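The values are calculated or read from the model by the stated rules, or taken from the named source; none is laboratory data. Keep in mind it's a predicted model, so treat the numbers as computed, not measured. Backbone-built Cβ (ideal geometry, glycine too); neighbour counts: all protein chains shown.
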Amino acid sequence: MQDAQVLVTGGAGFIGSNLANQLADAGNDVIPLDNDYLGAADNLADGVEHVDGDVPDDDLPTDVGVVFHRSTRRMPRGLTPWRKPTWTLLKHMNL
């Protein structure tokens, strides 16, 4: 894939930053969206601009051709493990 506008959620985390860096190296316009809860902008290569934000935000970029959804959260206190997939799905439906 080349010359695409790509949104990578969780783009400053371990997996997301490696994906964002490789996509940028391949010539894509990458938007690594991360709230830095588990990731860090330092994980991104020079020239890959970190975008501070969260998936539930209403002002997500809409002019992208591809979305790689790599974001997640730690399980909130009191949430039973069997409910995490449902909680994660509902939280990320904004994508």
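Does region 62-81 hold any residues that are modelled with pLDDT of 80 or more and surrounded by 15 or more Cβ atoms within 10 Å (Cβ to Cβ), and which are they?
Passing the criteria: Val64, Val67, Phe68, Arg70.
Picking from Asp59, Asp54, which residue would you name as being surrounded by 15 or more Cβ atoms within 10 Å (Cβ to Cβ) and either on the phi > 0 side of the Ramachandran plot or at pLDDT below 85 (or both)? Don't jump to the end; show me each part of the working.
Numbers: Asp59 fails: surrounded by 15 or more Cβ atoms within 10 Å (Cβ to Cβ).
Criteria check complete, one pass: Asp54.
Could you check, for region 35-44, whether at least one of its residues is of a type in the set (Asp, Glu), modelled with pLDDT of 90 or more, farther than 15 Å from Thr9 by Cβ and not in a loop (DSSP other than H, G, I, E, B)?
Yes, the conditions are met somewhere in region 35-44.
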